[in-house]
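In what follows, a single structure is set out as structure tokens and then discussed.
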Amino acid sequence: MSKGTRIKCDICGFNFNDSKIKIKKQKVKDDIEQTYFRCPKCGKKYVILTTDTTIRKLIRRQKEMYPAEFTKDLTDKEYTEKVHEYNARKEEIKSRSRELTKAIE
Ligand SMILES: [Zn+2]
């Protein structure tokens, strides 16, 4: 059984376990969705991910990119290139999401 990660709330200092939190998804505006949880004590909102249509499309493409059957035929060099591409896209998704989170706060 996973013990989970301890989280300390920035606002009230309350310590809680991430297995206790409820992850929620909410449409914030237009096509923008947020995945977040709240501090069980003071209700401070912690945003995990903000997505819009473009980001969700990138995430979907990312998920489709890595079937195990596909990568087993690659040479080591090709595989390394794929990993680099995958990580670069992951970074792109993360930074877009971070910008979006800032933009709507
Ligand atoms: Zn709190």
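Worth a mention:
- For I48, the residues whose amide H sits under 5 Å from its own are T35, Y36, F37, ignoring neighbours fewer than 5 places away on the same chain, with H placed 1.01 Å from N.
- Of the three principal axes defined by the Cα atoms of the chain, the extents in descending order read 52, 39, 18 Å.
- Here the contact order of the chain, divided by its residue count and restricted to Cα pairs under 8 Å and six or more residues apart, works out to 18 percent.
- Helix-only CD estimate at 222 nm, as mean residue ellipticity for the chain, using -39500 (n - 2.57) per DSSP H run (n ≥ 4): -14000 deg cm²/dmol
- The label point for R61 and the one for E78, both projected 7 Å from the Cα toward the Cβ, are 2.1 nm apart.
- When only the Cβ of Lys, Arg, Asp and Glu is charged (+1, +1, -1, -1), the dipole of the chain relative to its Cα centre reaches about 840 debye.
- Taking Cα centre as origin and charging only the Cβ of basic (Lys, Arg, +1) and acidic (Asp, Glu, -1) residues, the dipole magnitude of region 48-89 rounds to 280 debye.
- Cross-linked pairs K20/K45; K8/K29; K24/K82; K57/K94; K72/K94: Cα-Cα separations exceed 25 Å for K8/K29; K24/K82; K72/K94.
- Of T101, I55, I21, farthest towards positive along the dipole that unit charges on Lys, Arg, Asp, Glu beta carbons give the chain: I21
- Counting only protein heavy atoms and a probe of 1.4 Å, the accessible surface of the chain is 50% carbon and sulfur.
The values are calculated or read from the model by the stated rules, or taken from the named source; none is laboratory data. Note that the coordinates shown come from a computational prediction; the quantities given were computed from them, not determined experimentally. Every residue, glycine among them, receives a Cβ derived from its backbone with ideal geometry; neighbour counts consider all protein chains shown. With ligands, DNA and RNA removed, areas are computed over all heavy atoms of the protein, side chains included. Shrake-Rupley method; radii C 1.70, N 1.55, O 1.52, S 1.80 Å.
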